[in-house]
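Accompanying notes for the structure given below.
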Amino acid sequence: MDGKREIVMSGIRPTGFLHLGNYFGAVKNYVRMQEQFDCFFMVADWHSLTTHPDTEALKGHVKRVLAENIACGLDPNKVALYCQSHVHETAELYLYLNMLAYKGELEKTVTFKDKAKQQPDNVNAGLLTYPVLQAADIILHRAKYVPVGKDQEQHLEMARNFVNRFNHRYGDVFPEPFAFNFGEELVKVPSLDGAGKMSKSENQLATLYLADDDDLIRKKVMKAKTDAGPTEPNSAKPDYIENIFLLMKLVCAEEVVAKFDADFNACTIRYGDLKKQLAEDMIKFIAPIRAKAAEIQQDEAYLKQVMEQGAEKARTSAKATMDLVRSAIGLKYY
Ligand code: TYM
């Protein structure tokens with residue numbers, strides 16, 4: 001961290017095992033960005049409390065997310081890799097931003113509406129102000145780029161709104177943060193059943209986790225929804241077939257995808273062969289990450305050191321921002 005490069009921030013909730021969507025939507029870009037930017041990557045343990053109030057599994061999940069990030073290629077010496085709850089300045093900034101966030105816009109957020117439907121008995125204020133806390137995470141480091149998947153687009157738009165309101169009311173402190181994917185469309189990795197996206201806590205049999213063993217990967221992939229195949233040459237692919245091709249493009253060689261594409265167009269495609277190929281290429285991709293993550297998870301002393309070192313870097317950056325924030329708001333009396 002030399003303080004001269006542009007600033008990047010992102011986070012992952014410790015609500016379950018990391019999956020292919022987390023990798024291709026977020027972590028892959030973290031790894032690429034660590035070489036060019038000053039990066040802050042965080043385990044969003046506070047955010048997880050909005051939907052997972054039972055904290056029994058939390059410790060394990062936090063350590064797993066850290067280990068899996070490192071196993072994917074993140075270097076804790078190049079970035080700040082930390083836990084949200086270790087940086088208390090976040091809570092203060094969240095409080096200020098809450099005065100700039102309106103009930104109406106929060107209630108309209110898609111993720112809030114989804115969660116309220118999923119947990120009607122626990123529509124808590126933390127759930128409502130989730131995007132405010134996320135904005136605080138990001139702007140605490142005055143970050144400009146936020147590597148995330150497609151599902152986070154609306155949260156980023158809200159973060160920009162809060163930033164603009166803050167700057168307008170109190171003076172320019174924050175840059176506007178943008179979702180980032182090296183100029184490409186943001187990624188959405190679909191689930192294997194063609195219904196929705198891969199997820200940490202839902203749809204587990206249609207999600208490929210970075211911790212899945214070879215047989216489980218084979219089983220899940222072979223169960224992916226297909227049909228009897230096209231009957232007209234060059235027909236459009238149904239959604240669930242399009243999704244399988246999308247998954248192939250993530251892990252299979254270009255010629256392999258091209259071959260199955262040509263087979264589809266010629267109506268000679270054999271989905272059994274396609275899924276076997278996809279399963280083997282998934283295994284090739286996931287197995288080394290799984291092994292490395294398991295090894296790192298054994299080393300408690302190392303994970304503790306990573307967490308402490310990350311928190312230290314994040315706090316240094318947070319303190320500098322909060323100094324500016326308190327001055328801008330007028331909370332410095334002498
Ligand atoms: P979370 O924990 O749900 O997901 C972590 C990251 O993985 C991406 N992702 C996906 N990308 C593509 N396809 C999928 N199927 C898929 N599923 C998940 C997400 O877009 C995300 O980038 N609110 C955030 C956590 C957060 C955060 C932040 C993110 C808290 N503070 C500050 C950025 C900046 C979340 O719940 O991500």
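Points worth noting:
- Simple spin-label estimate for Ala266 and Glu153 in nanometres, 7 Å along Cα-Cβ: 3.7
- In this structure, the pairs whose alpha-carbon distance is over 25 Å, taken from Lys197/Lys249; Lys108/Lys249; Lys59/Lys276; Lys59/Lys292; Lys223/Lys284; Lys28/Lys144, are Lys108/Lys249; Lys59/Lys276.
- Taking all pairs of distinct alpha-carbon atoms in segment 63-126, Kirkwood radius in angstrom: 15.0
- Part-to-part distance (alpha-carbon centres) for segment 279-315 and segment 50-85, which is given in Å: 9
- Segment 182-334: Cα Rg divided by the 2.2 N^0.38 Å rule of thumb: 1.53
- Dipole in debye (nearest 20) - the chain, about Cα centre, beta carbon charges: Lys, Arg +1; Asp, Glu -1: 520
- Computed helical MRE - 222 nm, the chain, DSSP H runs ≥ 4 contributing -39500 (n - 2.57), nearest 500: -16000 deg cm²/dmol
- Taking the three principal axes of the alpha carbon atoms in segment 1-118, the coordinate ranges are 40, 33, 25 Å, sorted in descending order.
- Percent of beta bridges antiparallel (DSSP, the chain, rounded to nearest 5): 10
- Virtual spin-label span in nm between Lys304 and His168, 7 Å along Cα→Cβ: 4.9
- Across all directions, the average projected area of the convex hull around the alpha carbons of segment 184-229 is 4.5 nm².
- The chain, relative contact order in percent, only Cα pairs under 8 angstrom and at least six apart counted: 24
- Across all Cα atoms of segment 204-293, the radius of gyration (one decimal) and Dmax (whole number) stand at 13.5, 46 Å.
- Table column - 3J(HN,Hα) (Hz), segment 74-81, Karplus curve with 6.51, -1.76, 1.60, x for Gly and Pro: 6, 10, x, 7, 8, 10, 8, 10
- Of the DSSP H helices in the chain, those whose Cα atoms cover at least 15 Å axially and whose Kyte score averages -0.5 or more: 58-71, 239-251, 254-265, 271-298, 300-329
- Semi-axes of the equivalent ellipsoid of the chain are 38, 22, 19 Å, computed as sqrt(5λ) over the eigenvalues of the C-alpha gyration tensor in descending order.
- Inter-label distance, nm, simple model (7 Å from Cα along the C-beta direction), Glu295/Glu232: 5.3
- Extended-chain gain in nm, criterion 0.36 nm per residue less alpha-carbon gap, Glu185 and Ala253: 22.4 nm
- Other-chain or far-sequence residues with amide H under 5 Å of Cys83's (modelled H): Val43, Ala311
- Length gained when the stretch Lys276-Glu202 is fully extended (0.36 nm per residue, less Cα-Cα span): 24.2 nm
- The stretch between Lys284 and Lys223 holds 20.1 nm of extra length on full extension. This uses 0.36 nm per residue minus the Cα-Cα distance.
Values in this text are rule-based calculations from the coordinates and carry no lab data. Since this is a predicted model, take the numbers as computed values, not measurements. Glycine also receives a Cβ, built like all others from the backbone with ideal geometry; neighbour counts cover every protein chain displayed.
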